[in-house]
Amino acid sequence: MSDRPTNLVPAPEKRSARRWMIIVLSLALGFVVYAFSVQATDVDLSQIKDETRREQLFRILRALAHPDLVQFDIEEITVTVDLYVPCSGVIPEADLTEPYIIVSPSCGNPGDLVTIEGFGFQPATSAGIDFVPDSEFAITLLLARFETDADGRFSVEAELPARESENPQQIQARTKTEVGTWTNRVSVWTDANANGIEDTGIMPDSGELVIEVDTGRVVNIGAVALVSPNDLVQFVAFGNENIPRSGPAQGEIPLDVGPSLDQTFSGDVTGNGSEVVISSTDLAAEPPQVTISGKPGIDLSEWEVVVYDTTELNRFDRTAVGDLFALSPRLSENALNTWDKIIETVALAFLATTVGTLLAIPLSFMAARNLMRDISTPVTNLALNLLAIPAGLVAGAVLAGWASDISELFVDNWLMLLAGIIVIPVAILYAFRWAIPEVEDEPPSGRLKAIRGGVLGVAAFAGTVVMYLLSELSRDVGGWLAERLGVFAFLGRFIATIGELLTAFLVVVAALLGAGVFANLAGKLGYSLRTRLPAAVVRTINLPLASAAGGVVAVIIGAVIEWFYEIGNPTRTFWIPLIIGALIGLALAIRAYRKESVSVGLVIYYAARTLFNTLRSIEPLVMGIVFVVWVGFGPFAGSLALALHTTAALAKLYSEQVESISAGPLEAVRATGATRLQTVVYAVVPQIVPPYISFTMYRWDINVRMSTIIGFVGGGGIGFLLQQNINLLQYRAAAAQMLAIAIVVASMDYISARLRERLV
């Protein structure tokens with residue numbers, strides 16, 4: 001018997017050596033990986049020593065540290081003192097009651113050094129010292145720059161230039177001072193229409209306001225437009241029917257009122273629904289005049305009169321109706337734009353999150369393996385459903401089109417519209433009560449069931465007509481309210497938008513309902529066949545049904561491929577898919593010949609998971625580009641892109657949460673004989689509500705950040721403004737947008753955390 005031990009344990013020295021070898025090899029591998037990464041990323045630290053780059057970096061950092069949030073009006077102060085070069089006269093004494101400068105000596109020869117001292121200036125102000133020579137031209141020569149101390153004083157030395165004259169020449173100090181403080185704001189007037197008069201832009205009691213228009217580069221006036229802050233109010237032309245290619249009237253057809261430039265317009269010309277109109281013109285005068293009429297007291301301070309030239313209306317000039325009056329300091333235009341865009345960003349993220357959540361919740365159950373793996377259906381029902389659903393989609397869409405045509409008979413008259421909205425629903429209610437009675441003395445006959453089904457179908461069609469009428473009413477009422485609610489006009493526009501959404505999605509909803517009805521009828525037909533016919537006959541019927549269903553599905557896939565790639569060959573996109581699909585369907589039916597049912601749950605599960613992963617792999621930025629092409633630039637495109645990505649992302653997260661729920665409640669509810677819907681409601685939903693809320697809040701946080709990026713491709717939000725300012729190198733303006741984004745994201749994170757603490 002051998003004395004060797006059966007279990008050999010490495011000596012401690014060998015284990016230690018092996019461990020050190022692994023550590024050394026790991027460090028060497030890490031060194032190689034990082035070295036390659038540095039090379040691949042072109043790391044070049046020599047660039048940080050470049051003085052030019054360093055100066056640009058410091059300039060950008062300082063700009064970012066001073067976001068453009070506050071705007072001061074600037075008052076420019078110029079102080080001058082006479083000087084002789086060479087000495088040939090006496091300089092008068094300076095006025096010591098205002099900011100003043102003293103030059104010592106008060107005269108000299110070219111090249112002499114003089115000391116320039118200033119008193120009474122704005123403290124801590126940078127400015128320049130200029131030499132103004134005796135010349136027929138307006139010439140200034142910069143001598144030096146200065147910065148005043150805390151007392152508003154400065155002292156600099158400068159060399160007199162080679163500009164000799166017997167007449168006195170001047171030294172001037174130019175300073176710019178901010179007007180007003182936050183504790184003492186000052187009203188500043190800007191002569192917007194350049195007439196030298198402070199025009200408030202308020203319509204006087206006479207109801208007429210005469211505007212002297214600025215023609216600028218317009219030589220001969222061919223058209224005049226009246227423009228409000230939000231819209232083109234009026235556009236008239238004088239013997240000119242061209243359409244402008246630019247300006248506020250771009251693309252608009254002018255109303256030709258004849259060649260006369262001096263005329264009073266009739267009510268037919270000006271009666272366009274606006275409270276303010278152009279009532280007469282005297283464009284031959286110097287300067288040309290346009291008279292605006294309207295209700296006394298209306299504020300026209302932001303309105304404009306725009307004149308177009310006679311040459312194809314391709315040049316124009318603007319004249320403000322009223323001057324600008326603003327307090328200094330005030331929030332800058334960039335700060336106001338940033339506020340508008342950050343609100344738009346939050347709203348965009350909110351809509352995308354809510355829409356995505358509503359779509360993701362039902363879809364998540366389809367992607368949960370523990371719910372889908374047990375779903376099976378008889379071959380007969382599956383084949384009939386595959387045949388019925390496409391037919392139901394087409395039938396629903398066609399019926400929706402007919403309902404739309406019928407609704408057009410009601411919309412031209414308000415009384416008929418209201419009557420249709422009131423009378424038709426009452427008739428539908430009575431139809432449902434008759435077709436679906438609460439209590440029946442005896443089971444209905446087959447004929448009665450068919451009649452009831454027909455009545456319900458007619459009622460559903462009438463309901464579609466009512467929905468079209470409601471959408472029309474919603475658009476009309478919303479537009480009427482939007483014109484009268486002032487600052488709350490968005491409420492009217494929202495009501496009108498609901499009507500537009502109803503019109504846009506009614507066809508889709510009707511098609512889906514049609515598919516559901518046809519699928520239900522197909523299920524009942526399949527059940528009837530399986531219960532009334534022998535099993536062998538049913539299996540035989542399944543063969544042609546499955547073959548037809550496979551062919552229909554394949555033809556639909558071929559039609560989709562034809563739409564995307566425009567192959568233009570029916571043999572490839574119709575006949576070949578039809579034959580292959582029919583053969584596949586027949587093969588599946590033969591394989592399941594002896595089975596009572598086939599599993600379809602996992603097929604739906606894998607299809608849903610594949611779809612969600614595909615959509616999640618596409619960045620919202622790319623989706624934003626597609627939707628911008630579809631619906632145009634703006635936040636609507638951004639919200640659609642984020643909503644689509646949110647749906648896919650949340651559906652995956654939700655489904656994984658469903659897969660991790662406790663199986664006990666699920667089995668207990670199933671043991672009671674509950675339906676699949678009851679199982680989801682009573683066993684699944686109570687376990688997933690807290691994580692669903694948490695995931696939804698987290699996604700809203702993500703969407704707020706993502707919406708800033710979506711704006712880079714025109715998807716609305718603050719990202720568009722941020723990109724614009726960065727491209728224009730306006731870093732102070734960009735800093736305001738970056739600050740707003742940081743505040744909103746931090747606030748959203750805090751709010752989400754608090755809500756999760758309370759709800760989850």
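Every read-out reported here was derived from the displayed coordinates using simple, explicitly stated rules and does not represent laboratory data. The structure presented is a predicted model; accordingly, all values stated were derived computationally and were not measured. Reconstructed Cβ throughout: ideal geometry from the backbone, glycine too, with neighbour counts over all protein chains shown.
Going by average Cβ neighbours within 10 Å, how do the peptides 121-132, 145-156 rank, with the highest at the top?
Numbers: 121-132: 16.9, 145-156: 14.8.
Taking the mean over residues of other Cβ atoms within 10 Å, the ranking is 121-132, 145-156.
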Those lysines that a straight Cα-Cα span of less than 25 Å connects to Lys449, excepting residues fewer than 8 apart in one chain: Lys524
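With a cut-off of at most 16 other beta carbons within 10 Å, and DSSP calling the residue loop, which GluC sites (Glu not before Pro) in segment 480-587 qualify? Please list them.
Working: sites: Glu483, Glu500, Glu562, Glu566; in loops: Glu483, Glu566.
When the GluC sites (Glu not before Pro) of segment 480-587 are filtered for loop state and at most 16 Cβ neighbours within 10 Å, Glu483, Glu566 remain.
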Protection proxy ranking of 539-552, 744-757, 679-692 - average other beta-carbon atoms within 10 Å, highest first: 539-552, 679-692, 744-757
³J(HN,Hα), Karplus 6.51/-1.76/1.60, whole Hz, each residue of segment 533-542, x for Gly, Pro: 10, x, 4, 5, 5, 4, 5, 5, 5, 4
Furthest towards positive pole of dipole, Tyr606, Gly634, Gly585, structure part segment 578-665, Cβ charges: Gly585
Positive-end residue, segment 189-328 charge dipole about Cα centroid, Cβ charges, pick of Thr311, Ala192, Thr215: Thr311
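Per DSSP H run of n ≥ 4, the term is -39500 (n - 2.57); total these for the chain, divide by its residue number, and report the mean residue ellipticity at 222 nm rounded to 500 deg cm²/dmol. Each step should come with its number before you reach the end.
Numbers: 19 runs with 400 residues, N = 760.
Helix-only estimate at 222 nm: -18500 deg cm²/dmol.
Restricting the count to DSSP beta bridges whose residues both fall in the chain, what percent are antiparallel, rounded to a multiple of 5? If you can, show how the numbers build up before the last one.
Working: 74 of 77 bridges.
So the antiparallel bridges in the chain amount to around 95 percent.
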Check: the chain dipole with +1 on Lys, Arg Cβ and -1 on Asp, Glu Cβ, in debye: 8060 debye
Principal-axis tilt of helix 51-64 within the chain, Cα atoms, nearest 10 degrees: 80 degrees
Charge dipole magnitude, Cβ of K and R +1, D and E -1 - segment 74-178, Cα centre, debye nearest 20: 180 debye
Reported label for calculated Rg/Rh (Cα atoms, Kirkwood Rh) given [x] 1.11; [y] 1.20; [z] 1.17: [x]
Farthest positive-ward along the chain dipole, Cα basis, beta-carbon charges - from Ser135, Leu456, Pro534: Pro534
Student exercise, segment 189-328 dipole from Lys, Arg, Asp, Glu Cβ charges, in Debye to nearest 20: 320 debye
Neighbour-count ranking [beta-carbon atoms within 10 angstrom, fewest first] of Trp480, Trp700, Trp563: Trp563, Trp480, Trp700
